[in-house]
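The values are calculated or read from the model by the stated rules, or taken from the named source; none is laboratory data. Just so it is clear, the structure is predicted and the values come from calculations on it, not from any experiment. All Cβ positions, glycine included, derive from the backbone under ideal geometry; neighbour counts span all protein chains shown. The accessibility values were calculated without ligands, DNA or RNA, using every heavy atom of the protein model including side chains. Shrake-Rupley method; radii C 1.70, N 1.55, O 1.52, S 1.80 Å.
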Amino acid sequence: MGEETTWGSVYVLGRTYGTAGDLELIWTGSGVEFEMNCSELGVVLEAGDSVYMPWISLVLDGYHLAHIPVQEGVNKYMLLRNMDPSVKHTVRIVKDFQASVDDPGCFLKLKKIIYEGEIRKTEPKKYRFEFIGDSITSGEGALAPRDNDEWITPWFTARGNYACVACQQLNAEMRLMSQSGWGVVWDWEHTERNNMTDTYDLTVGALRGEKAEKRGCRKPWDFTRWQPDIVCIRLLTNDCGGVSQTGLQPADRETIISGCVTLIRKIRTGNPTAKIVWILPGSAYHPEFAKEAIERCEAEGISALYSFALPDYTPEDYGARQHPNAAWNVRAGHLLAEYLRSIL
């Protein structure tokens, strides 16, 4: 059996980090992609799940073949056997659950790929798209029973969300940075430290604490490692939700808009040639905040800024936890792909 532990023969997906035999997968959709002519294929994974159990997806030739819970400790998983080694396949192995900010004991590391035959790196996709968002971008509830209200890791998916659909339509590599309940300046409970703006320019800024510091998660991210063609932002739902109990005050409005401006500036600094698209939230969540932030940034001389409104989802579109189901994500992904194609 052959072994891959240095990642030279695979294409690494997502904003991740690690060394040979220890590739830590943090964000939704992080993982590896490769071509294979093999009779057998497996992986060795190391995981912790003190609260949340990590899940991965196995995608074979674009088909979502398996959604797999990862057990605690170091374990071998044989994924494919009795394959015809004369047939070429494309394999993608990705993490389905988002960064576990509330569970320092939850982690997932790819330690090796084991195979009988040959594996090799796939060719890069035509485009690179990055998505910054919240639970909808994390795929929460998309592939899940309707109206289930449990907050559990199986209800998250890197395959069933609108971003994945849009990338498939345009032959684009997908990179996600998303966190359930988080916004531009605070989360749905108005907790200011839980925001994607402060997280964006760090390696894995969503993770905190002594363990995160030791692992290098809070170091500045090196944007030269991966430059996107388009950065899509789908945020503001939780910012508005965080002030829903007291009502949106004038000071809140300015704080949110200023936060949007700061986020756009960070994205432009890290990605000087990317187009930046703000995917506007539903009508109940003040999409004019993003529009005003774009106008302010354009007045500063920041260019290639766009906004695009996806349709609201209704109770008829619910999967789990009142989040949009797979059908809505497919519709939204196709609409977004049409728009992104028009600006490329």
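See the values below:
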read-out: Number of positions in region 115-135 that are part of a strand (DSSP E or B) and either open to solvent by 10 Å² or more (accessible area, probe 1.4 Å) or farther than 24 Å from residue 279 by Cβ (or both); value: 9
read-out: Residues satisfying the stated conditions in region 252-305, i.e. part of a helix (DSSP H, G or I), open to solvent by 50 Å² or more (accessible area, probe 1.4 Å) and not charged (D, E, K, R); value: 255, 262, 269, 283, 284, 285, 299
read-out: Residue that is in contact (Cβ under 8 Å) with a residue 60 or more places away in the chain and open to solvent by less than 70 Å² (accessible area, probe 1.4 Å), where the choices are 327, 337; value: 337
read-out: Every pair of residues 6+ apart whose Cβ atoms lie under 7 Å, when the first sits in region 283-302 and is at positive phi while the second is among the hydrophobic types (A, V, I, L, M, F, W, C) and part of a helix (DSSP H, G or I); value: 286/240
read-out: Neighbours by Cβ (under 9 Å, 6+ apart or cross-chain): first from region 97-115, closer than 17 Å to residue 135 by Cα; second assigned to a strand (DSSP E or B) and open to solvent by 30 Å² or more (accessible area, probe 1.4 Å); value: 97/55; 100/107
read-out: Meets criteria (under 22 Å from residue 341 (Cα atoms), of a type in the set (Val, Ile, Thr) and in contact with a strand residue (DSSP E or B) (Cβ under 7 Å, 6 or more places away or on another chain)) for residue 302; value: no
read-out: Given (1) touching a helix residue (DSSP H, G or I) at 6+ places or on another chain (Cβ under 8 Å); (2) at negative phi, number of the condition residue 62 does not satisfy; value: (2)
read-out: Of all residues in region 81-114 being of a type in the set (Asp, Glu) and either in contact with a strand residue (DSSP E or B) (Cβ under 6 Å, 6 or more places away or on another chain) or open to solvent by 50 Å² or more (accessible area, probe 1.4 Å) (or both), the one that is modelled with the lowest pLDDT; value: 102
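Residue by residue, here is whether (1) modelled with pLDDT of 95 or more; (2) under 19 Å from residue 54 (Cα atoms) holds:
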position	(1), (2)
141	no, yes
148	no, no
163	yes, no
166	yes, no
171	yes, no
185	yes, no
191	no, no
